[in-house]
2 protein chains.
Amino acid sequence: MASAFTDNNNVYASKFDKGHLPLPPANKLAVVTCMDARIDPAASLGINLGEAHVIRNAGGRAPDAVRSLVISQRLLGTREIAVFHHTDCGMLTFKSEELHDIIKKDASPEAVKAADAIGDFLAFPKIDENVKEDVEFLKGHPLILEGTKISGWVYHVETGKVSQVV
Amino acid sequence: MASAFTDNNNVYASKFDKGHLPLPPANKLAVVTCMDARIDPAASLGINLGEAHVIRNAGGRAPDAVRSLVISQRLLGTREIAVFHHTDCGMLTFKSEELHDIIKKDASPEAVKAADAIGDFLAFPKIDENVKEDVEFLKGHPLILEGTKISGWVYHVETGKVSQVV
């Protein structure tokens with residue numbers, strides 16, 4: 001819980017020696033991946049501090065990362081994007097309409113209105129296909145810079161392994 | 001660069017022993033923080049694999065995390081949110097209108113239209129105040145569950161330290 005952060009951080013900060021890294025990512029790379037608690041992008045991909053932007057949301061969905069990617073590319077110089085989805089993802093377990101139904105049943109009229117404004121909760125039924133879809137989405141998106149190198153990957157929560165899809 | 005992921009990951013996967021962690025975060029916690037390359041949330045906050053959702057976007061902005069937080073709370077049981085912004089954030093260096101101007105100058109009419117659809121790029125001028133704003137935003141949001149414990153923090157990229165704002 002957040003109440004442990006200060007104590008945990010004291011240990012980290014006492015050994016910290018990366019205080020002068022520049023703001024733009026050294027590897028000109030942005031990673032898009034899921035918020036899932038079983039994923040540690042830095043450790044599992046060998047990303048060192050200062051090397052890459054890491055954008056995380058429910059599912060690691062590209063359509064929900066566009067604002068961040070525009071800032072990453074146009075203001076901070078990244079030119080490569082790696083999209084990761086993962087096995088046993090929560091997004092495989094429901095349909096957007098079902099979450100809307102839960103909110104309609106449990107929550108206030110204001111909540112239902114706010115959920116309607118969100119619209120699609122971006123769940124998906126198949127991992128590999130959705131990785132490809134998200135890569136295609138970015139390749140065809142007018143705000144993503146031409147010439148951006150874009151790859152799509154799956155992280156396997158059972159083994160800690162990654163595999164490239166596209 | 002992403003081409004190094006497979007080799008880096010082989011090392012990680014060869015020592016991986018957390019293959020049977022459950023999908024819902026053990027600490028019922030969601031962290032919202034910036035995509036900044038100089039932040040390693042797991043290491044700096046002492047979050048172990050399986051304990052917390054980590055949502056990251058440009059600025060660590062709560063308004064851009066609502067879809068993910070709804071899924072985190074209603075489908076995966078989290079009941080606490082910690083919002084982190086950080087010193088030397090890229091979001092302090094520009095105004096949303098300036099980014100729109102860059103896109104208008106450099107990019108296609110389709111890109112301008114897509115940027116208009118994004119609207120506010122969610123830049124902010126002061127760290128502490130914006131942390132408070134984002135915490136208030138979540139406390140007042142109809143889709144965030146009543147009784148959610150919400151805290152606001154700053155991560156200091158120069159020292160690796162965290163400080164609680166609210």
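What follows draws every value from the coordinates through simple rules; no lab data is involved. Note that this is a predicted model, so its numbers are computed, not measured. All Cβ positions, glycine included, derive from the backbone under ideal geometry; neighbour counts span all protein chains shown.
Alpha carbon centre of region A:1-56 versus region B:96-117: separation in Å?
So the separation of the two Cα centres works out to 30 Å.
Could you calculate the FRET efficiency of B:Ala117 with B:Leu145 from 1/(1 + (r/R0)^6), where r is the beta carbon distance between them and R0 is 30 Å, rounded to 0.05? Display every interim value, and only then the final one.
On the way: r = 29 Å, r/R0 = 0.97.
Once the sixth-power term is evaluated, E becomes 0.55.
What residue in chain A has the Cβ closest to the axis turning A into B, and how close is it in whole Å?
Axis relating chain A to chain B; nearest Cβ residue and distance: A:Arg56, 2.
Could you list A:Thr93, B:Thr78 so that the one with the fewest beta carbons within 10 Å of its beta carbon is first and the one with the most is last?
Working: A:Thr93 13, B:Thr78 24.
Least to most surrounded, the residues fall as A:Thr93, B:Thr78.
Roughly speaking, what % of Cα-Cα pairs in the protein assembly as shown are separated by over 25 Å, rounded to a whole number? Mind showing how you got there, number by number?
Numbers: 26066 of 54946 pairs.
It works out to 47 percent of all Cα pairs.
Can you find, among B:Pro109, B:Phe121, B:Ile39, the residue sitting farthest towards the positive end of the charge dipole of chain B, where Lys and Arg contribute +1 and Asp and Glu -1 at Cβ?
Among B:Pro109, B:Phe121, B:Ile39, the one farthest towards the positive end of the dipole of chain B is B:Ile39.
With springs only between Cα atoms under 10 Å apart, run a GNM on chain B and tell me which of B:His86, B:His156, B:His20 wobbles the most.
Between B:His86, B:His156, B:His20, it is B:His20 that shows the largest mean-square fluctuation.
Take the alpha carbon gyration tensor of region A:1-155, find the square roots of its eigenvalues, order them as a ≥ b ≥ c, and report rounded if a/c is under 1.5; if not, report prolate when a/b exceeds b/c, else oblate.
On the way: a/c = 1.88, a/b = 1.28, b/c = 1.47.
Here region A:1-155 falls in the oblate category.
When A:Met1, A:Met91, A:Met35 are ordered from fewest to most other Cβ atoms inside 10 Å of their Cβ, what list results? Intermediate results must be reported in sequence, preceding the final value.
On the way: A:Met1 14, A:Met91 23, A:Met35 27.
Going from least to most buried by this count: A:Met1, A:Met91, A:Met35.
How many nanometers, to one decimal and shortest first, lie between the label point of B:Leu92 and those of its other copies, if labels sit 7 Å from Cα toward Cβ?
Here B:Leu92 shows inter-copy label distances of 4.2 nm.
Could you check which residue among B:Val11, B:Val54, B:Val131 shows the biggest mean-square fluctuation in a GNM of chain B with a 10 Å Cα cutoff?
Result for chain B, Cα springs under 10 Å: B:Val11 fluctuates most.
Kindly identify region A:1-88 as rounded, prolate or oblate by the Cα gyration tensor criterion: order the square roots of the eigenvalues as a ≥ b ≥ c, call it rounded if a/c is under 1.5, otherwise compare a/b with b/c, prolate if a/b is larger, else oblate. Walk me through the intermediate numbers first.
Details: a/c = 2.03, a/b = 1.23, b/c = 1.65.
It is oblate, given that a/c is not under 1.5 and a/b is not larger than b/c.
If you restrict to DSSP beta bridges whose two residues both lie in the protein assembly as shown, what percentage is antiparallel, to the nearest 5?
Details: 7 of 41 bridges.
Once the DSSP bridges in the protein assembly as shown are tallied, antiparallel ones form about 15 percent.
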